[in-house]
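The values are calculated or read from the model by the stated rules, or taken from the named source; none is laboratory data. These numbers were taken from a predicted model, which means no experiment stands behind them. For neighbour counting, all protein chains shown are included, and Cβ atoms are generated from backbone atoms with ideal geometry for every residue, glycine included.
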Amino acid sequence: MSRRRRWHRAAVQAACVAITLFMGVPIYLIALAALSSRESLNRFPLPLLPTDPSTETMSTFLSSTGVTGGFLNSLTVGLGTVALALLVGVPGGYAVARYAFRGRDTYQLFLLLTRALPIVVLSVPLARVFLDTGLYDTTYAVMLLHTALALPTTVLITAAIFVGVPHEQEEAAMIFGASPPQAFLRVVAPQALPGIAAAAMFAFMLSWNEVLGATVLTLNQRTLPAQVLTTLADSPLAYRFAGGLALVLPALVFIAVMRRYLLNMWGTTLR
């Protein structure tokens, strides 16, 4: 039995290493190309180790017109999407988890079906609405679109987490004098924090990577993915790699910040 367990553990570790390499190798190659000189990219065969590091391509890309503004717009839209999605989605998930009402299962299915709509189905009508209301070509328009895309998953993730929090603890807090909002904030929310962090990470990643809706709804206030799409389509290959690295790094930083909550949700405690 011990040998079988060792083989099982080794297989699990090998699978984890394979998945890590599958996800990490493309990021490494993008970073290698973005931080190498343009001459080294024309060599054959291409080196897999940094032989001629250079920040010229990356610095040129970062100093290009619209990149800094696009980065700030992406950061604003991403954080705003997280705030709005949690502000609306967390109470929605709590209601789905705690209250039995007619059509609850149908409602959850309907939430999933909204994610089946192509982004262009939402962005084109919204462009007309935002033109009429004066919100077109603003970060608020993109923020509202991304919030609509992130809300279904936010509600379902938080609902699944709230189901795991014993209702008796909340009732005990109210028996000892806490109001329902106080019981939620002091008893339920701390235990559901990992799930809320997971929902926040999903909302931020969705907003950071979304490009079509941001391209349709903006002209001068574009997010970084939309700016990269429109300006680097005909650029040299080195600058495309630089744009890809600029898109990947902030997302990796955000994931690194949220990893403690995610690992706690999976039952692992970081020492």
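The number of residues in region 213-231 that are assigned to a helix (DSSP H, G or I) and either in contact with an Asp or Glu (Cβ under 8 Å, 6 or more places away or on another chain) or in contact (Cβ under 8 Å) with a residue 40 or more places away in the chain (or both) comes to 10.
Within the set R222, R186, the sole residue that is over 30 Å from S123 (Cβ atoms), at pLDDT 80 or above and of a type in the set (K, R) turns out to be R186. Do we have Y94 as in contact (Cβ under 8 Å) with a residue 60 or more places away in the chain, over 20 Å from the mean Cα position of the chain (by Cα) and farther than 26 Å from G195 by Cβ here? Against the criterion (in contact (Cβ under 8 Å) with a residue 60 or more places away in the chain, over 20 Å from the mean Cα position of the chain (by Cα) and farther than 26 Å from G195 by Cβ), Y94 does not qualify. The residue pairs whose first member lies in region 64-84 and is of a type in the set (D, E), whose second member is surrounded by fewer than 17 Cβ atoms within 10 Å (Cβ to Cβ) and assigned to a helix (DSSP H, G or I), and whose beta carbons are closer than 6 Å, counting only pairs six or more residues apart or on different chains, do not exist in this structure. In region 232-259, how many are closer than 10 Å to A34 by Cβ and either aromatic (F, W, Y) or outside any helix (DSSP H, G or I) (or both)? Matching residues across region 232-259 total 2.
Each row is one residue, and each column tells you yes or no for (1) in a loop (DSSP other than H, G, I, E, B); (2) under 30 Å from L156 (Cβ atoms); (3) touching a Ser or Thr at 6+ places or on another chain (Cβ under 9 Å).
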site: M58; (1), (2), (3): no, no, no
site: S64; (1), (2), (3): yes, no, yes
site: T68; (1), (2), (3): no, no, no
site: G78; (1), (2), (3): no, yes, yes
site: V82; (1), (2), (3): no, yes, yes
site: A85; (1), (2), (3): no, yes, yes
site: V90; (1), (2), (3): no, yes, yes
site: Y94; (1), (2), (3): no, yes, yes
site: F101; (1), (2), (3): yes, yes, no
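Taking region 134-202 as the region of interest, the helices (runs of 4 or more DSSP H) fully inside it that hold 1 or more residues being among the small types (G, A, S) and surrounded by fewer than 19 Cβ atoms within 10 Å (Cβ to Cβ) are 139-163, 167-175. Tell me, yes or no, whether region 154-164 has at least one residue that is without any contact (Cβ under 8 Å) to a residue 60 or more places away in the chain and within 21 Å of I196 (Cβ to Cβ). Checked against the condition, which is being without any contact (Cβ under 8 Å) to a residue 60 or more places away in the chain and within 21 Å of I196 (Cβ to Cβ), region 154-164 yields at least one hit. The sole residue among S63, S74 that is under 28 Å from A226 (Cα atoms) and loosely packed, with under 14 Cβ neighbours inside 10 Å is S63. Pairing each residue of region 179-196 that is at negative phi with any residue that is surrounded by fewer than 20 Cβ atoms within 10 Å (Cβ to Cβ) and of a type in the set (S, T, Y), provided the two are 6+ apart or on different chains, yields C-beta distances under 9 Å for L193/Y261; P194/Y261; G195/Y261; I196/Y261. T114 versus (1) farther than 23 Å from A148 by Cβ; (2) of a type outside the set (D, E); (3) surrounded by 11 or more Cβ atoms within 10 Å (Cβ to Cβ): which is the lone unmet condition? Single failed check for T114: (1).
Scanning region 103-124 for residues that are touching a residue at least 12 places away in the same chain (Cβ under 8 Å) and either part of a helix (DSSP H, G or I) or under 20 Å from P250 (Cα atoms) (or both) returns Q108, L111, L112, T114, I119, V120, L122, S123, V124.
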